[in-house]
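One structure below.
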């Protein structure tokens, strides 16, 4: 029996792992190197053709050379990839530099729309620590973040994560990496170096989530270089830490929407209460699958970012409340498959360290026993890792909001778990002389802005960049939909059933092979050929 269940586990993991690998596998990228004889600020470009679904654009790509640590004289040089797609217009307005979310994720994957390319060059500059000649890979952390057989949120597990962070940081230093150079102000300086190298007078910024922090620091350091800045999912200083009380308030917001739907109320009259009940009494097994509470809660948090994936979490928790923990078990497995690959971990710590408070007890604060979920991802990153990163935080001037005259558009979803709208409204907007905040009802993090009403999103951005007036007239109210056709519980059972069928097929093949070999051996024995 034990052998059979182990085989089923392996088969289901292979099935799920293959699916996730197909979705998340990185595309091969040629190595980035510093060209021989290059100096700081040099840029090397080659032409290529960029195609969208409806048009073809002239473009160029290549390498930007920058110092690893601008504050250290004689710092070695590193190389960053650069891509520029030229506008369709013969006399375009200021280019748009894109800044992706993260930290710990690439800045080279943006696919601009024809609407943006109509009147603006689009420029992508790789993030140092992720895309360039130095990548802050930390396989030690990738292993530790999965943990062992105990609860990933235990003190012992968090200590192991911290030790993995410390070990990987010291290893990078021993390999010659100057970790003090991998900060957000240095990223902003890379953008300025690219502006100068590409010979633009002024630029626009289009930033998302973590990228909005880069945009804020760029506006502070280089205000004369900046024309307009649009930020989606705004992250003011101090908010790389996901606070339990803010997560609770967003769950309550979903719960209020839930209560307005009769079909939803028939499943549970109080969604937040049901989630609290399951989260605080989470089962540890479904059949032979172990359920790790911290892993399940962490994946829950990340999938609550968007209105398209949040219903999957609610569906799994309500099923568990009825005694069906299959969805929670699958979520533990998905965490193991996805989490090690979701970030370039060293870059996450190097950039996120800007918000670290050495006087705070993150393990206590992120656990928050009275909270619905606590802050599971915050517990792993801040309670287990951040304090161990072997580098100093940037100067205090980069850890606070600064007044700005730059024309700035802030865009936030009202249901955003990662960058709640309250932060942009209360902390950043008052400092912006020419700022405007647009709040999108019943939308979550960045992906909801791009995917829910794309035509309205394009109109909003192009009108802002072209005229300074953000036209949000195409946005309409899109009510939240909580129904789930295929949820995690069903997927888990289907995967288990498929695994069972494969196991039976393997067993049947084994029996057939065994019988044939046995028959052959008997035949040889009768002929006198068996020794």
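Figures for the structure shown
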| quantity | calculated |
| --- | --- |
| Rounded to 5, percent antiparallel among DSSP beta bridges of the chain | 50 |
| Relative contact order (%) - segment 266-388, alpha-carbon pairs under 8 angstrom, separation at least six | 28 |
| Proxy reagent accessibility, fewest Cβ within 10 Å first, across 375, 441 | 441, 375 |
| Likely footprinting exposure, 138, 264, fewest C-beta neighbours within 10 Å first | 264, 138 |
| Cα centroid of segment 314-342 to Cα centroid of segment 70-116, whole Å | 37 |
| Distance between segment 356-370 and segment 258-282 - C-alpha centres, whole angstrom | 27 |
| Value of relative contact order over the chain, rounded to a whole percent, pairs C-alpha under 8 Å and six or more apart | 17 |
| Packing-based exposure ordering (other Cβ within 10 Å, fewest first) of 83, 493, 111, 295 | 111, 493, 83, 295 |
| Two-decimal Rg/Rh across segment 266-388, once Rg and the Kirkwood Rh are taken from alpha-carbon atoms | 0.99 |
| Estimated 222 nm signal from helices in the chain, with DSSP H stretches of n ≥ 4 weighted -39500 (n - 2.57), rounded to 500 | -13500 deg cm²/dmol |
| Whole-angstrom Cα spans of the chain along principal axes, big to small | 91, 64, 53 |
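Values in this text are rule-based calculations from the coordinates and carry no lab data. All of these numbers come straight from a predicted model, not from anything done at the bench. We place every Cβ from the backbone using ideal geometry, glycine too, and count neighbours over all the protein chains shown.
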